[in-house]
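As structure tokens, the structure follows; a few thoughts come after it.
Derivation of every value follows stated rules applied to the coordinates shown; laboratory data play no part. Note that the structure is predicted; figures quoted are calculated from it, not measured. Virtual Cβ from ideal backbone geometry, glycine too; neighbours counted across all protein chains shown.
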Amino acid sequence: MRHLLTTKELTREEAELILDLSGQMADAVTGREVPKLPALRGRTVVNLFYEDSTRTRTSFETAAKRLSADVVNFAAKTSSINKGESLRDTALTLQAMGADAVVIRHPAAGAPQRLTEWLDGAVLNAGDGTHAHPTQALLDAYTMKRRLGGIEGRTVAIVGDILHSRVARSNIWLLSKLGANVRLVGPPTLLPKGIDDWPVEIGYDLDASLKGADAVMMLRVQRERQNAAFFPTANEYARLYGLDERRLALLPDHAIVMHPGPMNRGMEIAATVADSPRATITEQVTNGVWVRMAVLYLLLTNGEAR
Amino acid sequence: MTDRLIKGADLVGKGRRDVLIRDGRVAEIGSLTAAGAEVVDADGLVLLPGLVDLHTHLREPGREDAETVRSGTRAAAKGGYTAVCAMANSYPVADTAGVVEQVAALGKAAGYADVQPIGAVSIGLEGKQLAEIGAMAGSAANVRVFSDDGHCVSDPVLMRRALEYVKTFGGLIAQHAEEPRLTEGAQMNEGPVSAELGLPGWPSVAEEAIIARDVLLAEYTGARVHFCHVSTARSVDIIREAKARGAQVTAEVCPHHLLLTDEAARTYDPVYKVNPPLRRDADVAVLRAALAEGVIDAVATDHAPHAPQDKDCEWAAARPGMLGLETALSIAVLALGGPDDVDWDLLAERTSRTPARIAGLEAHGRDPQPGAEANFTLVDPAASWTVVPEGLASLSRNTPYAGRKLPVTVQATFLRGRATVLNGTIAEEIQ
């Protein structure tokens, strides 16, 4: 594994290795007075964020620091999309500075893949447009594994704006690869065209899709989408596709409620559901650090130092 | 100018003859010897009427870093073309008599191919107010084809008026069929690949809806309409039905839509970004069949040079378009079932005669006959070549065929008897 760009390109073995290693990272660090491992001492990890995402950037930064790497935050306010420095020139700059790994968040799908053509270091996709967000999917899988005892054979409903969701795309490939049954639920306007061959069931009725689900993953829906006629109003969306207490009761008792954040309380998820003990939202954030430690470790050591 | 004797060429696949060129025209055809004539050994070569491109972006004025009229027509000559129609989306836009005359004059000065400017339909290609179409038609550039290419004339009223207005001088509107509301932010063909890549989709219906509407408008107004770069199977159906009803409709297809598919976008390399986008295998098959059948009238390159910085970037930031002039003939040969047993007559029909007729270029697209202008290209049907971007005559490098081996080579191109290409090499000066 030289880069992590999508979950689609991961083999099942690689995905399982990352999840196992994430658990080891958690065990190795949790409860220590100084929660740090020396594994990446002397290595430089650059966080190259073209979108504001305090939570993801902080998670990567924490992960890298816990592995003793040097972290450089390169907050790129502008990209070639809005006439700033070109991605290629930025890549050549980072290359000249000797970045061992670049963690990139970018509004344009495929930007991380382009970066691999201009950089020698490892490229880690922290979210590109509506394409992929592999570490989010890995931390979701890790959370499910911990809470449900496994992923094989479990049923996961992914609900909402699939069309604009890199989180959904990455979860679909990863979870189906790990043996889960994936259901996509949302209005047809928010489902991509041309997904008949995807390894998923597609539904438009949330109540029906919740039956027998082991996990339900609610996606953030931007209210502004109503202006482009994806749905009539935020209220109607919440009525048809929001997870409220009535719908929570339709789930089996052991089922968990996930959300990648940031949440729109009252839109896709009711506040009481978000705060219920069945919600794993803050746990997902914690697990994100272990997963990102595992990925950084694997990419920067090729797993050799283990 | 010395007489030139082309010896032993297979004339459009119909048999070997010698062709004597004198004063830029065909003097004689037969089994000839001519004392004092410069002999071009065309043994094993096929002579075609010089290719005519209905759709070329020469980028001058405005983006001379990407292409100039001179570099673009050198590329055209290298590709076997003797005439190109220059699209109007320059800076400034070719929406006045002044700009079209400038472009025509630059073409004349360069001398590598006849440059026929296309005028804008609307001022600034903005789709609001008609450009001075009459002034462009009456200018020295003698514009007959008008297009807002790059943009669709999406306003149905403006399209109706444009179709009606050009009837006075037998003009033609070339429509870039793209319903803009259906393609806001679109980056590639909408389908399984866009769904996976997370790139906003360009639905085929955005092209088909405009083609259907404009067929109806053309029939209603009794005007002619030409569809640029037709890219979908369903568009072909609509055009076929329109022609069957007798509508005055013509259509072109680009080489890349005859060969490449949206699978290429998986690389996220914007060299494959083009508008309309690369479609699916099924579309390619239907477009090839429609070209052979004649539902699609012509191959047009949509040659779209871009400077490196406009392609060495993220997909969404890149400009759409790809080079086409130097590879179009080879791909047309492939698309029409070649390279073995190519129907040269059919190839000449789709790449030369019909586009010349659509553009109103009477001296082009003619098989050799005594008295006709000597606008020809000599093709080696047995040769092949590998595309090397740095080796192309265009100033730009954005070819999607880098490293690809293509059939047939252009050995020579003659514009009014002058060699623009000889022995496979572009002439440094036209003589």
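For region B:165-244, state the average projected area of the convex hull of the C-alpha atoms over all orientations, rounded to one decimal in nm². Write down the numbers at each step before the final one.
On the way: hull surface 23.2 nm².
Projected area, direction-averaged: 5.8 nm².
Taking 7 Å steps out from each Cα toward its Cβ at B:ASP23 and B:THR425 produces label points 3.2 nm apart.
Run down the lysines and flag those whose C-alpha is under 25 Å from the C-alpha of B:LYS78, throwing out any fewer than 8 positions away in its chain. Qualifying lysines at Cα under 25 Å: B:LYS7, B:LYS14, B:LYS108, B:LYS273, B:LYS311, B:LYS405.
At R0 = 60 Å, how high is the FRET efficiency between A:GLU117 and A:LEU240 if r is their beta carbon distance? Nearest 0.05 is fine. That gives a FRET efficiency of 0.90. Scalar couplings 3J(HN,Hα) for region A:158-171, obtained by applying the Karplus form with A = 6.51, B = -1.76, C = 1.60 to θ = phi - 60°, are 9, 10, x, 7, 5, 3, 9, 10, 6, 5, 4, 4, 5, 5 Hz; x denotes Gly and Pro. Globularity index of chain B is 0.93 (Cα radius of gyration / 2.2 N^0.38 Å, N = number of residues). Amide H contacts for A:VAL123 (H built 1.01 Å from N in the peptide plane; partners 5 or more residues away or on another chain; cut-off under 5 Å): A:LEU4, A:VAL102.
For chain B, with a Gaussian network of springs between Cα atoms less than 10 Å apart, report the residue from B:ALA218, B:ALA37, B:ALA244 with the top mean-square fluctuation. Of B:ALA218, B:ALA37, B:ALA244, the most mobile in the Gaussian network model is B:ALA244. Between the Cα long axis of helix B:233-244 and the first principal axis of chain B there is an angle of about 70°, rounded to the nearest 10. Each residue of region A:128-133 is assigned a 3J(HN,Hα), and the resulting list reads 10, x, 9, 8, 8, 8 Hz, derived from the Karplus form 6.51 cos²θ - 1.76 cosθ + 1.60 (θ = phi - 60°), x at Gly and Pro. When the Cα positions of B:ILE331, B:GLY8, B:PRO277 are compared along the charge dipole of chain B, B:GLY8 comes out farthest toward the positive end, with charges on each C-beta of Lys, Arg, Asp and Glu. For the Cα atoms of chain A, what angle does the longest principal axis make with the long axis of helix A:87-97, in degrees from 0 to 90, nearest 10? The answer is roughly 40 degrees. For region A:34-185, relative contact order (Cα pairs under 8 Å, six or more residues apart, normalised by length) works out to 18 percent.
For chain B, the relative contact order is 20 percent, taking Cα pairs closer than 8 Å that sit 6 or more residues apart in sequence and dividing their mean separation by the residue count. Compactness of region B:1-73, taken as the C-alpha radius of gyration over 2.2 N^0.38 Å, stands at 1.51. Of the residues B:VAL19, B:SER147, B:ALA110, the one whose Cα sits farthest towards the positive end of the charge dipole of the protein assembly as shown is B:SER147 (charges of +1 on Lys and Arg Cβ, -1 on Asp and Glu Cβ, taken about the Cα centre). Charges were assigned to the Cβ only: +1 to each Lys and Arg, -1 to each Asp and Glu. The resulting dipole of region B:50-359 about its Cα centre is roughly 700 debye.
This model, with +1 at the C-beta of Lys and Arg and -1 at the C-beta of Asp and Glu, gives the protein assembly as shown a dipole about its Cα centre of some 1280 debye.
How big is the shadow of the Cα convex hull of chain A, averaged over all directions, in nm²?
Details: hull surface 62.4 nm².
Result: a mean projected hull area of 15.6 nm².
Between B:ASP237 and B:ALA285, residue separation times 0.36 nm minus the direct Cα-Cα distance comes to 16.0 nm. Projected onto their three principal axes, the Cα atoms of region A:134-284 cover extents of 41, 36, 27 Å, largest first.
With all pairs of different alpha carbon atoms counted, what Kirkwood hydrodynamic radius in Å does region B:1-138 show? If you can, show how the numbers build up before the last one.
Numbers: mean 1/r = 0.0591 Å⁻¹.
Kirkwood hydrodynamic radius for region B:1-138: 16.9 Å.
Just to be sure I understand the curve: with the Debye formula and one point per C-alpha of region A:1-82, what is log10 I(q)/I(0) at q = 0.25 Å⁻¹? Values returned for q = 0.25 Å⁻¹ are -1.26.
If neighbour count is taken as other Cβ atoms inside 10 Å, put B:ASP345, A:ASP196 in order from fewest to most. Can you show the working numbers first?
On the way: B:ASP345 13, A:ASP196 9.
Fewest-to-most ranking of B:ASP345, A:ASP196: A:ASP196, B:ASP345.
The C-alpha atoms of the protein assembly as shown occupy a region whose extents along the principal axes are 100, 57, 45 Å, arranged from largest to smallest.
Counting Cβ atoms of other protein chains within 10 Å of each Cβ in B:265-277 and taking the mean gives 2.
Can you sort A:TRP173, A:TRP198 from fewest to most other Cβ atoms within 10 Å of each residue's own Cβ?
Ordered from fewest to most neighbouring Cβ atoms within 10 Å, A:TRP173, A:TRP198 come out as A:TRP198, A:TRP173.
Ignoring aspartates and glutamates fewer than eight residues from A:LYS211 along the same chain, the ones with Cα atoms less than 13 angstrom from its Cα are A:ASP253.
If only the Cβ of Lys and Arg carry +1 and only the Cβ of Asp and Glu carry -1, the dipole of region B:168-317 around its Cα centre is close to 400 debye. A DSSP coil position with no more than 11 other Cβ atoms inside 10 Å describes none of the trypsin sites (Lys or Arg not before Pro) in region B:143-237. Modelled this way, with points 7 Å down the Cα-to-C-beta line, the labels at B:ALA35 and A:ASP205 are 9.7 nm from one another. Coupling constants for region B:80-91 follow from the phi torsions by the Karplus curve (6.51 cos²θ - 1.76 cosθ + 1.60, θ = phi - 60°), and in residue order they are x, 8, 10, 8, 9, 9, 8, 5, 7, 7, 8, 10 Hz; glycine and proline get x.
Neighbours of B:THR386, meaning other residues whose beta-carbon lies under 9 angstrom from its beta-carbon, give a summed charge of +2 when Lys and Arg score +1 and Asp and Glu score -1. Legend: Rg and Dmax of region B:300-431, from Cα coordinates, 16.2, 54 Å. Among the residues of A:211-220, the average count of other protein chain beta-carbon atoms within 10 Å of the residue beta-carbon is 0. If R0 equals 51 Å, the separation of the Cβ atoms of A:LYS193 and B:LYS167 corresponds to a calculated FRET efficiency of about 0.80.
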